[in-house]
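Notes to accompany the following structure.
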Amino acid sequence: MTNQQTTGHQVATLDLAKPSDSSFAQADLSITGMSCAACAHHIEQSLSATAGVRRANVNFATLRAAVEYDPATTDVPHLVEAVKEAGYRASDIAEAEFADEADAERAAREKEYNEARRKFWVAAWLSLPVLLIAMSHGRIAALNFAGAEWLQLVLTTPVVFYSGWPFYRGAWAALRHRLADMNTLIAVGTGAAYLYSLAATIAPGFFAPGHQGIGEMAGMAKPPVYFEAAGVIIALILLGRMLESRARGKTSNAIRKLVGLQAKTARVIREGRQHDIAIGDVMLGDTIIVRPGEKIPVDGVILDGASAVDESMLTGESLPVDKRAGDTVFGATINKTGAFRFKATKVGKDTVLQQIVRMVQEAQGAKAPLARLADRISGVFTPVVIAIAIATFVVWFVVMPAGVRLPMALQAFVSVLIIACPCALGLATPTAIMVGTGRGAENGILIKGGESLETAHRLQTIVLDKTGTITSGKPELTDVIAARGFDEREMLRIVATAEKSSEHSIAEAIVRGATARGLQLTDAREFNAVAGHGIEARVDKHQVLIGNAKMMSERHVVLNGLAERAAGLAAEGKTPMFAAIDGRLAGLLAIADQIRAESRAAISALQEMGIEVVMITGDSRATAETVAREVGIPRVFAEVLPNEKAAEIKRLQSEKKIVGMVGDGINDAPALAQADVGIAIGTGTDVVIDASDVTLISGDLRGVVTAIKLSRATVRTIKQNLFWAFIYNVIGIPIAAGLLYPLTGWLLSPIIASAAMSLSSVSVVTNSLRLRSFRASSAM
């Protein structure tokens, strides 16, 4: 199996940039003015209808639009104008630096929150006396005075035309495009209550004649007014929007945390002198000095010096990683001990940290199938609700006595419109995906989109590549057996010295093993590689042969009892190599690709979750079954050529299984793309990460368990959100329409309807925020 070899927890090959069609460009727009999922759906339709746009995705929770377009046909200003024509505002954020972008986003959210808070307090203070007057029903003398209706009109008018103006403006923009959204429901509901009350105040005689009424309304000289409904509804909706804005801001904490990890300055050497410069001024090729305790500013390669680097922000691993000259370091990781100089190889948006941020943003903006369902529903929901509200008004107006039919029909009409606002429906899926993907990033798990997140929870079979996934992908010296008459350490020293000149992975394993045992190696002479067999060389005064049994036989070296030992080692999945010194058998060495320490626990955890685990490898069946037996995998595909791996995945899928594939080598890319969910070990190659749906930055197989459990938790939260959003409307609309009135005499107040609507949106966001407590440790 031809895998790229890696060491430690290196993520040097991590490149998260997605491949894209070179003829199309991507624009990221920040959208303001959206109030519900129907708004997002409307903007998406407007962008999609723009000439040159290939695909548009608008996310209500993140207030962003991702647009794929043909630069030869349109450009970003035209896209911004399309959003403006739809009645909203947009700005291009693609060219901003991530830190600036995060600051701008935070500022926009704060502005949105502050504006909602200001308008809420105006509405609340002005509506409070109106509410007190209305609720007194004339029983409190101090509140029952001539001209009370005019005072209510004076107090309510600023609420409607200042605090409530965004709703009316949004409703008018939607109407111009022959659409209806949440703004339409609120504007029609509060507008109807206000206009009716205005007319009843200015011309009470028009409503008073024949106003016989029933109950408390009987004998009233003046018709009732509903200024409190218009004012308090606007206040409560603004309160809900304010709380929702604050809670929704918490869903993007993961990105803010990642951006906050970046160093603010860098110490560079230019023209022989040290300069402290802003991180944005660092250029490719700059030599940068990092001292103990400092953050590494950008990605690069160490020139000189050595240290231990805390890479936990990338890998999730708490133990520092030793770094020396030639090793790669990454921006935002922390230098723990020594000082070193390194050359900047990736700066700005090319650094691993900022690629991770971009990937998380794209994942949070992507839609899962459940989100598309909610979008389709919200697209037709508002017109249906308006039709129900009109039908409700007509029914009440027809069946009720003349004296009360108009106010009761109006109350039911307004209540239906207000309680049916689809905010909760629009927030149900994107908020959960935002928190879930953000939490995954904090645990070293990068999920490319909502669809991957949603599919992962349904996985039934996980296929694990052996080399580099179950095993470390790096051969290690496991056994050193000296023949009679030879010292084990001296024999190993001579063999390792001979192997120093070889570039074979087995030779490298022997040299590493000897160095780790503290042996001092010298230089070999007369080195010669014998293709397919081994090597020969002269070390000191000794002639050395290292190779397989066939080479020993050809050179007439008697193996004695070590032949049986070699067969036993081979049965354990190890590669035995014989060593002969001056024509005599000196010993036996065994090399093996060691099983990762965490593999057994991860595989066991997957099986406990009810997931079938399969191993696939190009190695011999004997070696494959030995490894599979050690880690507890019952089903093995061995001796599979690289171009056959995807076919094996397809065969499993033909068994009606939802299959995930985990791999790290170039030859795993087709299988990763074929699988329902491809999971790349982050230490693998660029093409593997591009082909995958999930990337485990640390290379720890336990991340597969965490990713699946996170997926399950996220989808469970989405379903809870959708259930409550749907059940709220299913129950709320009939009650608001007066279904219970014939039985109980109870008709839902528009004020209570608006409070319930706001509470439903806040509860959905709050439920999604519970995912922030997800812990990787709980996944094992």
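The values are calculated or read from the model by the stated rules, or taken from the named source; none is laboratory data. Keep in mind that this is a model prediction, so the values were computed, not measured. For neighbour counting, all protein chains shown are included, and Cβ atoms are generated from backbone atoms with ideal geometry for every residue, glycine included. Calculation scope for accessible area: heavy atoms of the full protein, side chains included, ligands and nucleic acids excluded. Shrake-Rupley method; radii C 1.70, N 1.55, O 1.52, S 1.80 Å.
Couple of notes before you dig in:
- The residue of segment 563-581 that is surrounded by the fewest Cβ atoms within 10 Å (Cβ to Cβ), among those that are among the charged types (D, E, K, R) and at pLDDT 85 or above, is 564.
- Inspection of segment 612-628 finds a residue satisfying the criterion of being open to solvent by less than 10 Å² (accessible area, probe 1.4 Å), in contact with a Leu (Cβ under 6 Å, 6 or more places away or on another chain) and closer than 21 Å to residue 472 by Cβ.
- Any hit, segment 453-462, residues being over 30 Å from residue 747 (Cβ atoms), open to solvent by less than 10 Å² (accessible area, probe 1.4 Å), β-branched (Val, Ile, Thr) and modelled with pLDDT of 80 or more: yes
- Test: residue 527 is without any contact (Cβ under 8 Å) to a residue 40 or more places away in the chain, of a type outside the set (S, T, N, Q) and out of contact with any Phe, Trp or Tyr (no Cβ under 6 Å at 6 or more places or on another chain): yes
- When residues of segment 40-90 are limited to those that are under 23 Å from the mean Cα position of the chain (by Cα), part of a helix (DSSP H, G or I) and at pLDDT below 80, the one farthest from residue 383 (Cα to Cα): 40
- Condition met for residue 119 (basic (Lys, Arg), touching a Pro at 6+ places or on another chain (Cβ under 9 Å) and at pLDDT 60 or above): yes
- Which listed residue, of 278, 266, is out of contact with any Cys (no Cβ under 7 Å at 6 or more places or on another chain) and touching a residue at least 24 places away in the same chain (Cβ under 8 Å): 266
- Residue in segment 703-719 that is more than 18 Å from the chain's Cα centre (by Cα) and open to solvent by 10 Å² or more (accessible area, probe 1.4 Å) present: no
- The condition of being at pLDDT below 85, open to solvent by less than 40 Å² (accessible area, probe 1.4 Å) and farther than 27 Å from residue 528 by Cα holds for only one of 436, 473, that being 436.
- Options 509, 549, 529: the member that is surrounded by 14 or more Cβ atoms within 10 Å (Cβ to Cβ) and touching a Pro at 6+ places or on another chain (Cβ under 6 Å): 509
- Residue in segment 106-114 that is open to solvent by 60 Å² or more (accessible area, probe 1.4 Å), in contact with a Ser or Thr (Cβ under 6 Å, 6 or more places away or on another chain) and either under 21 Å from residue 438 (Cβ atoms) or modelled with pLDDT of 80 or more (or both) present: no
- The residue that is nearest to residue 714 (Cα to Cα), counting only those in segment 486-495 that are open to solvent by 30 Å² or more (accessible area, probe 1.4 Å) and touching a strand residue (DSSP E or B) at 6+ places or on another chain (Cβ under 8 Å), is 488.
- Taken over segment 137-158, the criterion of being modelled with pLDDT of 70 or more and of a type in the set (Gly, Ala, Ser) is satisfied by 146, 147, 148.
- Among residues of segment 648-673, those that are modelled with pLDDT of 85 or more and open to solvent by less than 70 Å² (accessible area, probe 1.4 Å), counted: 10
- Boolean, residue 639 is farther than 30 Å from residue 486 by Cα, modelled with pLDDT under 90, over 33 Å from the mean Cα position of the chain (by Cα) and part of a loop (DSSP other than H, G, I, E, B): yes
- Single match in 476, 454 (criterion: in contact with a Leu (Cβ under 7 Å, 6 or more places away or on another chain) and of a type in the set (Asp, Glu)): 454
- Residues of segment 507-540 that are touching a Gly at 6+ places or on another chain (Cβ under 9 Å) and over 22 Å from residue 474 (Cα atoms): 530, 536.
- Among the residues of segment 539-560, those identified as in contact (Cβ under 8 Å) with a residue 40 or more places away in the chain and not acidic (Asp, Glu) are 539, 542, 543, 544, 546, 560.
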